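The values are calculated or read from the model by the stated rules, or taken from the named source; none is laboratory data. What you see is a predicted model, and the numbers here were worked out from it, not measured in a lab. Quick reminder, even Gly has a Cβ in these numbers, built from the backbone with ideal geometry, and neighbours come from all protein chains shown. Just the protein is used for accessible areas: all its heavy atoms, side chains included, with ligands, DNA and RNA removed. Shrake-Rupley method; radii C 1.70, N 1.55, O 1.52, S 1.80 Å.
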Amino acid sequence: MRPYLSRLIVILITILSFSNTTFSQKLNLNKKANIHLEDASLEEAIDVIGDIGGIHFSYNPQILEEDVRIDIKSKRQNVRTIIEELCTQSGLTFEIVEQQVILKPAGTDELKTLDREALPYRVLSGYVKDKESGETLIGAAIYFPDLKTGTISNAFGFFSLSIPQGDHSLQVSYLGYQIYKTNLHTDSNEPVNIEMTKSEELLNEVIIRPVEESMVLKASQMSRIDVNSSRLAEMPTLMGEGDVIKSIQSLPGIKLHGDGSTWFFVRGGNRDQNLILLDDAPIYNPSHLLGLFSTFIPDAIKDINIYKGDLPASYGGRLSSLVDIRTNDGNMNKFALNGSIGLISSKLAIEVPLIKQKSSFFLSTRVSQLKWFFKQFNPDIRDFNFYDLNSKFNFKINDNNRLFFSIYSGADFYSNVTDSFMSSGIKWRNNAVTLRWNHVFNQKLFSNATLYTSSYDYRLYTSIEQDYYWNSNIDNLTFKYDLSWFLNPKNTLYMGLRFSGHNIDPGNYYVDGKLGTQPIVSKKHAREFNVYVENEQIITDKLNIRYGLRMSLWNNTGEAVEFAYDENLNPVDSMYYAPGKSYHHYFNIEPRLSISYLLSESTSWKLSYARTTQYLQLVSNSISPFTTLDVWLPSGPNIPDQKADQVALGIFHYADKLGLDFSAEAYYKKMHNQIDYIDHAEMLLNPIVETQLRFGGVKAYGMELMIKKSVGRLNGWIGYSLSRAIRKTEGINQNREYPAFYDRPHELSLYLSYNISKRINASLNWYYSTGAAVTMPSSYFYYNGLTLPVYHEKNNERFPDYHRMDLSFLFRLNRKVRKFQHQIGISIYNLYGRKNPIFINFNKIENVNSDFVIPGNLIDPPNLLTTNTFVYNVIPSITYHFQFQ
């Protein structure tokens, strides 16, 4: 057996043994033990007996009298006798409930005076759904006010919670829905399905209730932001196109690339270090029109979760962030139709119940209508369009089993006629297919099995008619299995595994669909195996902790050609590996830890640490905001695996009376084996592209502040981040530190949404950031009549500071809620016409006072100019949206 497999098996056995010992060990009160207690406090005595006997005691601390002293001395006495002696001396009694020893006052009426924690527990589980459509609701707050405890529904709307037996009031809340209230009598472990009703108020004054906030404050999770899809309809848009990716760029800590791009950067990471999932399947290039819009149809999205750090152990594969997008399941009760018509595209979505309350079908499409517009300016344009398609089948087999089958396809195609009457163009396509099976074993054990595949294909045509093109692509096929085990009221265990196969073509030239005579770049193949285990534990009423491990095994396989290099990166040999042949591997262990401590009912602090590993990287030395020739490469013999360690500390406060959330997070992240490029790197059609790469480290640190208001007619947020991202790479910048392109120390964002009336909403978005760090000439010299730049230092200057304001109005045309509803959206993008440059060209040696910067030629007049290129001026738009159900 290979050494790394042996290590993996040993670690798994250790973790599972620890888990079994900690949480599943059967209570044995007949165990013999020695004990010596003299003048001990009652609390000390309980701790000692618990440690000796391996017992978990449950009790109300208020029943522990401070003046009671315990004296127990015995040898080889069974634990039950020791506990009985403890109870005799302290005036307590005990009973066994679910492998726990419950301590309670002696001689009292059990149901009336016993603390709730000493009552037998019952498991309450089920799904939270939309009453009208049957759609499951992600992140709904299930809360028991009398118990001051609750939970959140998971990514499939499922929840499970252990509560004391008896009568309790239940309250469930979710953004945009009426509060659900009921009284429950829990005397058995029966499933409870909760159906919620949408708020009839057109104002949609959605309130995040204080009880929900208290649950968020207690939770150990930090560095996570939930974006409800209903927000997307109100936010200002570019050309009327609601955009999932651009909407999150207004959140603190998420830095946009620039105008004309959906790329973004998170906490010092590069653009390819963000994992974007659509129903679990990764989307490799989430952009349309070279990056102007993202690929996700807003009307098809149910929920968006963004993790800027503190990734749960169930996720990995990227160093910086996770954007987890879930699509609509479809209406299981009645037919529904919605759509919109805008300047750029038209959208249509239908929802059909196949079998009422049992199965449904959802289909959403978007088709661009740009060609006619651009042909007015360039009659040589032949094609200029994009499309998206989302569909999902949803089958409820029974109360314990449910199937989902979702499909996504999106593509762009641009072509124009050249002088030789031949056509050239660009085409790229994303595809993703996901099959999921939810199974409820019992009220404490929930599973999700997922099989998915996704792919990205990019083609640059030099001749469409002759089928001449450069092509790169990447795809994967993955199976993963996740378990959620609600062990007891204080522990929830998550565990799972994942198998993936990856296939990559880094870019080759094809003639008539076959490889051409240009240098052939070897295709790459790899297998990946991940396993994780994580426990979420309530230590006390104030202290929560989540800890876990994720292990990954990466294995490069043939068919492939790899090169060997000398110390100067000159190729000295090549190796051919047959199909399926394993020739290189990486094994990594990624610990995760999160701690939260409740300072008061409205304030908590949190601490997190996470190690992450990345084996796939986008290799591109372009800083253009537009989608360029995308080349993905896997880690292997010549490209090391990337690693990151991030620690974060935050304080969170909810001001109930004002309805304000305040959060402040500070973080430090160290990244290893980060890719940079030599000067004038040749990345295209290069079989030995590794010679163009250099590897170094990045240190990123910063602070993020956010104030959010979710109550009343005026809501929104303001955020600020102060951050740095500094690189150091051997062989680059004379081995000195330099700021990364995405190092932008100051970032300020403001989003406001105001309901002017029940039918009119106004929204404003303003964003500011320090300009991107770029390399600019430090001087010029003249040679043979040419003016040549001199570069002294990498990323020595910055673009002008970026800022932009957007404004939108939403007019609801219905006076009352009806089956048919429609509205008009008017948006003004870049309201005050800020010209934010995306390129700067240098061909002038003058400053603003017309003085020479470098007087290289005092005879001839200066003939060089500095020019800026920008994408947007003021862009107004109008969109009509309708809905029927």
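Hey, if you put +1 on the Cβ of every Lys and Arg and -1 on every Asp and Glu Cβ in region 544-609, which of Gly548, Val561, Gly580 ends up farthest toward the positive end of that dipole?
Sorting the options by dipole projection puts first Gly548.
Checking a compactness column here: for region 387-434, what do you get for Rg(Cα) / (2.2 N^0.38 Å), N being the number of residues?
Details: Rg = 19.2 Å, N = 48, 2.2 N^0.38 = 9.6 Å.
Relative to the rule-of-thumb radius for its length, region 387-434 sits at 2.01.
Which shape class applies to region 243-364: rounded if a/c is under 1.5, otherwise prolate when a/b exceeds b/c and oblate if not, where a ≥ b ≥ c are the square roots of the Cα gyration tensor eigenvalues? Write out the running numbers ahead of the final one.
Values: a/c = 2.92, a/b = 1.53, b/c = 1.90.
Since a/c reaches 1.5 but b/c is at least a/b, the shape of region 243-364 is classed as oblate.
So what is the orientation-averaged projected area of region 636-683, using the convex hull of its C-alpha atoms, in nm²? Present the calculation step by step, with values, prior to reporting the outcome.
On the way: hull surface 26.1 nm².
Taking the Cα atoms of region 636-683, their convex hull projects to 6.5 nm² on average.
Between Arg382 and Thr517, what length comes free when the chain is fully extended (0.36 nm per residue of separation minus the Cα-Cα distance, one decimal in nm)? Working shown, then result.
On the way: separation 135, 0.36 × 135 = 48.60 nm, distance 2.89 nm.
Length gained between Arg382 and Thr517: 45.7 nm.
Around Asp39, with a cut-off of 14 angstrom between Cβ atoms, what is the net charge of the other residues, counting Lys and Arg +1 and Asp and Glu -1? Walk me through the intermediate numbers first.
On the way: positive: Arg69, Lys73; negative: Glu38, Glu43, Glu44, Glu66, Asp67, Asp71.
Summing Lys/Arg as +1 and Asp/Glu as -1 gives -4.
Label region 210-272 by shape, choosing from rounded, prolate and oblate, from the square roots a ≥ b ≥ c of the eigenvalues of the Cα gyration tensor; if a/c is under 1.5 it is rounded, and otherwise prolate applies when a/b is larger than b/c, oblate when it is not.
oblate
Say R0 is 25 Å: what FRET efficiency, to the nearest 0.05, do Asn34 and Ile96 get from their beta-carbon distance? Could the numbers behind the result be given before it?
Numbers: r = 23 Å, r/R0 = 0.91.
The value I calculate is 0.65.
Using the Cα centre of the chain as origin and beta-carbon charges of +1 (Lys, Arg) and -1 (Asp, Glu), tell me which of Asn530, Ser199, Val101 is placed farthest towards the positive end of the dipole.
The residue sitting farthest along the positive end of the dipole is Ser199.
Assuming a ≥ b ≥ c are the square roots of the Cα gyration tensor eigenvalues, decide whether region 245-292 counts as rounded (a/c under 1.5), prolate (otherwise, with a/b larger than b/c) or oblate.
Details: a/c = 1.62, a/b = 1.13, b/c = 1.43.
Oblate shape, in that a/c is at least 1.5 and b/c is the bigger or equal ratio.
For region 505-545, what size does the Cα cloud have along each of its three principal axes, sorted from largest down, in whole Å?
Cα extents, longest axis first: 69, 18, 16 Å.
Grab the eigenvalues of the alpha-carbon gyration tensor for the chain, scale each by 5, take roots, and send me the semi-axes largest first in whole angstrom.
Values: eigenvalues 540, 229, 154 Å².
Largest first, the chain gives 52, 34, 28 Å.
Within 10 Å, count the other beta carbons around each residue, average over each peptide in 166-177, 63-74, and list them highest first.
Numbers: 166-177: 18.5, 63-74: 13.7.
Taking the mean over residues of other Cβ atoms within 10 Å, the ranking is 166-177, 63-74.
Which of the aspartates and glutamates could be linked to Lys334 by a straight reach, that is with a Cα gap under 12 Å, when you skip same-chain ones fewer than 8 residues away?
Within the straight-line limit of under 12 Å, Lys334 reaches these aspartates and glutamates: Glu132, Glu135, Glu351.
So, with +1 on the Cβ of K and R and -1 on the Cβ of D and E, and no other charges, what is the size of the charge dipole of the chain about its Cα centre, to the nearest 20 debye? Can you show the working numbers first?
Numbers: 88 positive and 91 negative charges, 305 e Å.
The calculated dipole for the chain is roughly 1460 debye.
Which pairs break 31 Å Cα to Cα here: Lys708/Lys758; Lys32/Lys104; Lys670/Lys709; Lys480/Lys581; Lys669/Lys835?
Details: Lys708/Lys758 22 Å; Lys32/Lys104 24 Å; Lys670/Lys709 33 Å; Lys480/Lys581 24 Å; Lys669/Lys835 33 Å.
With Cα atoms farther than 31 Å apart: Lys670/Lys709; Lys669/Lys835.
Between His439 and Gln77, what length in nm is gained on full extension when 0.36 nm per residue of separation is reduced by their alpha carbon distance?
Numbers: separation 362, 0.36 × 362 = 130.32 nm, distance 4.54 nm.
Extra length from His439 to Gln77 when fully extended: 125.8 nm.
Pop out the carbon and sulfur fraction of the accessible area of region 503-599 as a percent, whole number, probe 1.4 Å. All intermediate terms of the calculation are to be shown ahead of the outcome.
Numbers: 2540 of 4550 Å².
Roughly 56 percent, rounded to a whole number.
Could you pull out every one of the aspartates and glutamates with an alpha carbon less than 15 Å from that of Lys657, ignoring same-chain neighbours closer than 8 positions?
Answer for Lys657, where 15 Å is the Cα cut-off: Glu212, Glu213, Glu601, listed by chain and number.
Give me the distance in nm between label points sitting 7 Å out from Cα along the Cα-to-Cβ direction at Tyr576 and Gln178, one decimal.
Once both label points are built, they end up 7.3 nm from each other.
What's the FRET efficiency of Val352 with Ile828 using the Cβ-Cβ distance as r and R₀ = 45 Å, to the nearest 0.05?
In this case the efficiency is close to 0.75.
Counting only other residues whose beta carbon sits under 14 Å from that of Pro252, what net charge do I get with K and R as +1, D and E as -1? Each step should come with its number before you reach the end.
Details: positive: Arg224, Lys255, Arg267, Lys308, Lys708, Arg744; negative: Asp661, Glu665, Glu704, Glu747.
Once all neighbours under 14 Å are counted, the net charge is +2.
Using DSSP H assignments, which helices in the chain have an axial alpha-carbon span of 15 Å or above and a mean Kyte-Doolittle hydropathy of -1.0 or higher? Please report the intermediate quantities before stating the final value.
Working: long enough: 3-23 (30 Å, 1.31); 42-53 (16 Å, 0.71); 79-90 (16 Å, 0.19).
Passing helices, by number: 3-23, 42-53, 79-90.
Within region 359-447, what whole-number % of the accessible surface is contributed by carbon and sulfur, with the 1.4 Å probe and all protein chains included in the calculation? All intermediate terms of the calculation are to be shown ahead of the outcome.
Numbers: 2660 of 4080 Å².
Accessible surface attributable to carbon and sulfur in region 359-447 totals 65 percent.
Which number comes out as Rg/Rh for region 589-689 once both Rg and the Kirkwood Rh are worked out on C-alpha atoms?
Details: Rg = 20.5 Å, Rh = 17.4 Å.
Taking Rh as the inverse mean 1/r over Cα pairs, Rg/Rh reads 1.18.
As I understand it, the dipole of region 401-475 uses +1 on the Cβ of Lys and Arg and -1 on the Cβ of Asp and Glu, about the Cα centre. Which of Thr450, Ser415, Leu460 lies farthest toward its positive end?
Thr450
Would you work out the relative contact order for region 532-645, in percent, from Cα pairs under 8 angstrom that are 6 or more residues apart?
On the way: 207 pairs, mean separation 24.9, N = 114.
Rounded, it is 22 percent for region 532-645.
Which log10 I(q)/I(0) values does region 360-515 give at q = 0.10, 0.18, 0.19, 0.21 Å⁻¹ under the Debye formula, counting every alpha carbon as one identical point scatterer?
Summing over Cα pairs of region 360-515 leads to -0.58, -1.12, -1.18, -1.28.
So what's the net charge close to Ser827: Lys and Arg +1, Asp and Glu -1, counting the other residues with Cβ under 10 Å from its Cβ?
Details: positive: none; negative: Glu241, Asp806.
Value of the local net charge: -2.
Can you pull the one-decimal nm distance between simple spin-label points at Leu685 and Tyr791, each 7 Å off the Cα toward Cβ?
Output for this residue pair reads 2.4 nm.
Kindly report, to the nearest 10 Å², the accessible surface of Leu788 as traced by a 1.4 Å probe over protein heavy atoms only.
Rounded to the nearest 10, that gives 60 Å².
For the chain, what is the accessible area per residue in Å² when the probe is 1.4 Å?
On the way: 38600 Å² over 885 residues.
Normalised by residue count, the accessible surface of the chain is 44 Å².
7 Å from Cα along Cα→Cβ at both Val367 and Thr869: what's the point-to-point distance in nm?
Going from the Val367 label point to the Thr869 one covers 3.3 nm.
I'd like the Kirkwood hydrodynamic radius of region 640-766, using the inverse of the mean 1/r over distinct C-alpha pairs, in Å.
Details: mean 1/r = 0.0554 Å⁻¹.
That comes to 18.0 Å for region 640-766.
Could you look at region 694-784 and say what percent of its accessible area is carbon and sulfur, using a 1.4 Å probe and all protein chains?
Working: 2350 of 3790 Å².
Carbon-and-sulfur percentage of accessible area, whole number: 62.
Subtracting the Cα-Cα distance from 0.36 nm times the residue separation, let me have the gained length for Gln734 to Ile878 in nm, one decimal. Walk me through the intermediate numbers first.
Values: separation 144, 0.36 × 144 = 51.84 nm, distance 5.20 nm.
Fully extending the segment from Gln734 to Ile878 adds 46.6 nm.
If each DSSP helix of 4+ residues adds -39,500 (n - 2.57) and the sum is divided by the residues in the chain, what number results at 222 nm, nearest 500 deg cm²/dmol? Walk me through the intermediate numbers first.
On the way: 7 runs with 68 residues, N = 885.
Result for the chain: -2000 deg cm²/dmol, rounded to the nearest 500.
Apply 1/(1 + (r/R0)^6) to the Cβ-Cβ distance of Glu195 and Ser757, taking R0 = 22 Å, and write down the FRET efficiency to the nearest 0.05. Walk me through the numbers before you get to the answer.
Values: r = 30 Å, r/R0 = 1.37.
About 0.15, to the nearest 0.05.
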